[in-house]
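For reference, the structure is listed below as structure tokens.
Values quoted throughout were computed directly from the atomic coordinates according to the rules given, and no laboratory measurement underlies them. Since this is a predicted model, take the numbers as computed values, not measurements. Note: ideal-geometry Cβ built from the backbone for every residue, glycine included; neighbour counts use all protein chains shown.
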Amino acid sequence: MILSKAISRRSSRAVIAPNNSTVTPQTLPELINTLGMATGSGQIVTPESSKNVATAYRCGNILSDDIAKLPLQVYVSRRTGEIERQRPDPFVRNLAWLLERQPNRWWSPFQFKKQVAQWLIHWGNGYVWQPPTYPREHFILPSNVTYPVFDRNGELWYMTKFRGDNQHTPIPGVEVAQFMINPDETGFNGRGVIQYARETIGRQLSAYASQNSLFRNGLSAAGILWLAGETAPELRKKVREMYEEVMSGEGNSGRIAILDKKVTQFQPVTMQPKDIQFLSLIQDNDIAVMNYYGMPSYKLNTGKQAYNSNEQNNNDYLSTTLDPYLVQIEQVGGLTWLPLEEQGYTYLRFERSALFRTNAKERGDYLNAAIQNGRLKPNEARQIEDRPAEANPAADLLYMQSSVQPLGQTKGAQNAA
């Protein structure tokens with residue numbers, strides 16, 4: 001209902017929607033979306049079915065959670081050296097309010113950013129619509145039914161389907177912020193991680209099916225029974241069912257099988273080395289999935305890295321995996337959500353230090369070094385720790401270690417100055 005009103009209000013501005021005169025960016029044949037097609041292992045991999053693989057599920061959740069929990073803030077710098085953070089205003093519903101408090105009347109900023117990140121990771125595109133209505137709000141357009149088109153004048157539009165509609169609705173490109181990963185040759189369509197990891201995830205789903213088959217048939221190895229004399233098919237079937245009843249299933253694993261004199265020989269069929277190797281490849285598939293997502297193994301409780309190694313991996317994860325998502329959101333959001341006249345001195349920035357908020361020692365070392373090297377005032381550090389400001393005026397000064405001095409100047413001359 002709310003979205004319908006937003007559409008009708010936008011339409012009342014006499015915006016001419018593109019009809020048949022549109023040009024859709026063409027994708028090369030090798031980059032055509034193959035989601036929903038069977039993989040080489042026979043499994044159909046989609047963004048939803050991929051979540052049945054624990055590694056893919058955790059990678060997608062960790063990455064989207066890390067993006068969602070970082071505060072996205074608005075900064076204003078009208079003069080060199082003067083930077084002020086814009087405070088959220090509930091009355092005018094400025095951009096800081098939408099990003100830090102309430103993007104729309106239903107969702108919190110964490111929920112909103114996580115959903116955008118999920119679309120972006122799994123489908124390759126994330127769309128945020130800011131209709132020109134009041135109150136100012138942000139909405140997410142589903143990536144599976146939204147795509148960009150151009151009219152004959154070269155203007156960008158986004159075609160999307162709203163719930164309950166059978167036809168696509170055009171939205172002007174200036175109202176939509178599109179985030180993408182793995183862009184195709186046109187540069188207007190992204191490709192999700194699943195698009196490239198589908199074969200690996202398909203093999204993992206097949207391996208899970210093989211494991212299920214082993215457990216369903218019992219942990220005991222299968223075997224061959226020899227019966228005395230010739231037997232009718234009904235008798236062979238009955239003997240097989242009787243044997244499976246006492247041998248199959250987890251409750252019978254390791255128990256003794258008692259065979260009567262009709263059974264002359266029983267030969268267990270052990271697992272072949274190639275089958276053992278196949279099962280060991282499950283772990284290799286997990287590592288491959290983690291590489292597709294750019295996720296360090298320690299975040300999924302695998303590997304035996306030392307604590308210091310994990311800290312180094314976390315910094316590498318921020319710079320090589322997480323930062324490309326963050327920088328794109330900062331840049332595209334600034335271009336789409338800020339008026340043109342404000343873009344010269346206003347910008348968006350994620351508070352990346354929040355990623356290490358749970359590590360008290362690392363956070364304390366960072367704040368201590370920032371105070372001693374003149375980057376933060378003591379009261380600014382206290383504010384980061386959610387502590388009240390200290391009334392002592394000295395807490396609002398910048399400090400520098402006295403051992404640091406300009407080149408070519410003696411300590412005595414520095415003190416005299």
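Key figures
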{"quantity": "Estimated FRET transfer efficiency (MET242, ALA54; beta-carbon r; R0 45 Å; 0.05)", "calculated": "0.75"}
{"quantity": "Subset of LYS51/LYS113; LYS51/LYS114; LYS51/LYS161; LYS114/LYS361 violating a 22 Å alpha-carbon distance limit", "calculated": "LYS51/LYS161; LYS114/LYS361"}
{"quantity": "Segment ARG382-ASN368, length gained on full extension (0.36 nm per residue, minus Cα span)", "calculated": "3.9 nm"}
{"quantity": "Distant-in-sequence amide H partners of GLY124 (H built 1.01 Å from N, under 5 Å)", "calculated": "GLY192, VAL193"}
{"quantity": "Phi to ³J(HN,Hα) by Karplus 6.51 cos²θ - 1.76 cosθ + 1.60 over segment 187-203, Hz, x for Gly, Pro", "calculated": "x, 10, 10, x, 10, x, 4, 4, 4, 9, 9, 4, 5, 5, 5, x, 5"}
{"quantity": "P(r) histogram, all alpha-carbon pairs of segment 359-405 included - 5 Å bins from 0, percent", "calculated": "5, 23, 27, 25, 13, 6, 1"}
{"quantity": "For ASP151, distant residues with modelled amide H under 5 Å away", "calculated": "VAL23, TRP157"}
{"quantity": "Net length gained if the chain between SER402 and LEU335 were fully extended (0.36 nm per residue, minus Cα distance)", "calculated": "19.8 nm"}
{"quantity": "Virtual spin-label span in nm between ILE282 and GLU342, 7 Å along Cα→Cβ", "calculated": "5.3"}
{"quantity": "Under-5 Å amide H pairs with THR169, H placed in peptide plane, nonlocal only", "calculated": "THR160, LYS161, PHE162"}
{"quantity": "Residues ALA209 and ASN94, FRET efficiency given R0 of 41 Å [Cβ-Cβ distance, rounded to 0.05]", "calculated": "0.20"}
{"quantity": "Gain in span if fully extended, THR133 to PHE356, counting 0.36 nm per residue against the direct Cα distance", "calculated": "76.5 nm"}
